[in-house]
1. Sort through Thr81, Thr54 and tell me the only one that's on the phi < 0 side of the Ramachandran plot, in contact with a strand residue (DSSP E or B) (Cβ under 6 Å, 6 or more places away or on another chain) and at pLDDT 95 or above.
2. Among the residues of segment 106-117, count how many are open to solvent by 10 Å² or more (accessible area, probe 1.4 Å) and within 14 Å of Ile53 (Cα to Cα).
3. Of the conditions (1) buried (at least 20 other Cβ atoms within 10 Å of the Cβ); (2) part of a strand (DSSP E or B), Ser4 clears all except one; give me its number.
4. I'm told Asn20 meets every condition in (1) at pLDDT 95 or above; (2) open to solvent by less than 30 Å² (accessible area, probe 1.4 Å); (3) within 27 Å of Gln136 (Cβ to Cβ); (4) not in a strand (DSSP E or B) except one. Can you identify the failing condition by its number?
5. Quick one: what pairs do we get from segment 78-96, first residue over 16 Å from Ile51 (Cβ atoms), second among the β-branched types (Val, Ile, Thr) and not in a helix (DSSP H, G or I), C-beta under 8 Å, 6+ apart or different chains?
6. Quick one: would you say Gly28 is open to solvent by 50 Å² or more (accessible area, probe 1.4 Å), assigned to a loop (DSSP other than H, G, I, E, B), at pLDDT 95 or above and of a type outside the set (A, V, I, L, M, F, W, C)?
7. Output the residues belonging to segment 73-105 that are open to solvent by 20 Å² or more (accessible area, probe 1.4 Å), in a strand (DSSP E or B) and under 13 Å from Gly127 (Cα atoms).
8. Please determine, by comparing only the residues of segment 138-149 that are part of a loop (DSSP other than H, G, I, E, B) and open to solvent by less than 100 Å² (accessible area, probe 1.4 Å), which one is modelled with the highest pLDDT.
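The values are calculated or read from the model by the stated rules, or taken from the named source; none is laboratory data. As the structure is a computational prediction, the values presented were derived from the model and not from experiment. FYI the Cβ positions are ideal-geometry reconstructions off the backbone, even for glycines, and counts take in every protein chain you see. Heads up: the accessible areas ignore ligands, DNA and RNA and are worked out on the full protein's heavy atoms, side chains in. Shrake-Rupley method; radii C 1.70, N 1.55, O 1.52, S 1.80 Å.
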Amino acid sequence: KFCSLYSGSSGNSIFVGSDNAKILIDAGLPGKKIDEALKCIGQDPSELDGIFITHEHTDHIKGVGILSRKYDIPIYAPQNTWEAMAKNIGKIKEHNIKVMDKRSTISINDLDVKSFNIPHDAAAPVGYTVNLKDKQVSVATDFGIFTQEIRDNIKDSQVILLESNHDVSMVEYGP
């Protein structure tokens, strides 16, 4: 199951699940809104097995601390992302702080979640590819250049969510 709950500069959160595992990629809206969105698609937020963070910008992490504390959910992110977001997400239980390498795979029940580098102005931005047997979905957000690494990681996916809205010139010279 794959559902983009929210996408865009106002907030991002993507649900990916199987019969045995349920995860979010990003939680960039208030926890209450993500709770409501999950319930609207027939998912119980208390059954989430993990939240994977792409990078530390507010539109990707706003509700992650609240959800983790409320439902005792592990949060997965690279070390540099943890360092950059820690002050903005509140206190997280030690057992829910899951540091992963920028290019690694974490297995949660029957889902394999693989991270890969994306170019973005963040501490350690990553995209994710989620595998379940012969099915694969990929998420890469906020990149400005479509790299070979992105291509290599998403090429076998049946579902791909791409959001390529990062423009260095616009950031430097725009409002």
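1. Details: Thr81 fails: in contact with a strand residue (DSSP E or B) (Cβ under 6 Å, 6 or more places away or on another chain).
Testing whether each residue is on the phi < 0 side of the Ramachandran plot, in contact with a strand residue (DSSP E or B) (Cβ under 6 Å, 6 or more places away or on another chain) and at pLDDT 95 or above leaves just Thr54.
2. Going through segment 106-117 one residue at a time, the tally reaches 3.
3. In the conditions (1) buried (at least 20 other Cβ atoms within 10 Å of the Cβ); (2) part of a strand (DSSP E or B), Ser4 misses (1) alone.
4. The single condition Asn20 does not satisfy is (2).
5. Gln79/Val99
6. No, not satisfied.
7. Tyr76, Thr105
8. Thr147
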